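Asks: This is the structure I have questions about; it appears just below.
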Amino acid sequence: MRVWTHLDHENVVTLLGHTQELEGPGLVSIWHPHGSILNYLANNTAANREVLCADIALGLQYLHEHEPRIIHGDLKGANVLIDSKGKASITDFGLSIILDGAPTGHTSSNFGGSLRFLAPELLDESSRTIHTDIYAYACTCIEILFDQQPYHQISNQGHLLRAIIENVPPYKPPNEEVTFPLFLRLLQCCWQHDRSSRPALSLIIDIIQRCLYRTYWENLTVHQGIVCALSVQCAPSFVT
């Protein structure tokens, strides 16, 4: 909590303090009238989902570049809030750790968090890293862009574990008409089994911004360049 109180970024929820109630301690943060991003999208279907994904990436980049570096550890749609201006902010640092290993919340256990958003290496008792956050970020974008949970077709936890171990993608488009085709290519790179092949947040943000702030015809021109940029870190099968 001490680390959270010193964070200052528009895409990270500001912690104002803490309180002691009969039910136990509680945290006080700035009010976000729209609630979670999932609730916001359910009531605002015309919201720009790509911009919201960009907001989250910028907040996560701030945490990773903070001194000391902070790993969130439990990123998902339920842990992203929307402020009065429609901006997305990351919250809930209960599982976050400082890179030197000191917990910022109540636990830093490896297998904590939400299984559907968990990078496969965490099943082998690996420590949380910037790479596991990037994997969870891509899974969070599935919720935002496609209105579905990762592995939405799997309800049995044992089958879900097997799917993660066997490198089954967290999302497959239902048909060839993909709503966000270039964004999907980016997400496919982010949830690769080999964590060293996942793109850096700087590249993720650059690609999102190049998609957002260009016209349709300009996007056609830079499309191949973006695919080439992804292919530097991603297996060819993900970017063809």
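The values are calculated or read from the model by the stated rules, or taken from the named source; none is laboratory data. Not measured: the values here are computed from a predicted model. As a convention, Cβ positions derive from the backbone with ideal geometry for all residues, glycine included, and neighbour counts pool all protein chains shown.
Asks: What number of residues in region 140-154 are under 14 Å from residue 39 (Cα atoms) and among the aliphatic types (A, V, I, L, M)?
Replies: Qualifying residue count, region 140-154: 2.
Asks: Further, regarding this structure: Quick one: count up the residues across region 117-167 that are crowded, with 17+ Cβ neighbours inside 10 Å and without any contact (Cβ under 8 Å) to a residue 24 or more places away in the chain.
Replies: 3
Asks: So which residues in region 159-212 are under 17 Å from the mean Cα position of the chain (by Cα), at pLDDT below 90 and of a type in the set (Val, Ile, Thr), if there are any at all?
Replies: Within region 159-212, 207, 208 qualify.
Asks: The conditions are (1) at pLDDT 95 or above; (2) β-branched (Val, Ile, Thr); (3) surrounded by fewer than 20 Cβ atoms within 10 Å (Cβ to Cβ), and residue 107 fails exactly one of them. Which is it?
Replies: (1)
Asks: So which residues in region 134-174 are of a type in the set (D, E, K, R) and within 25 Å of residue 42 (Cβ to Cβ)?
Replies: 143, 147, 172, listed by residue number.
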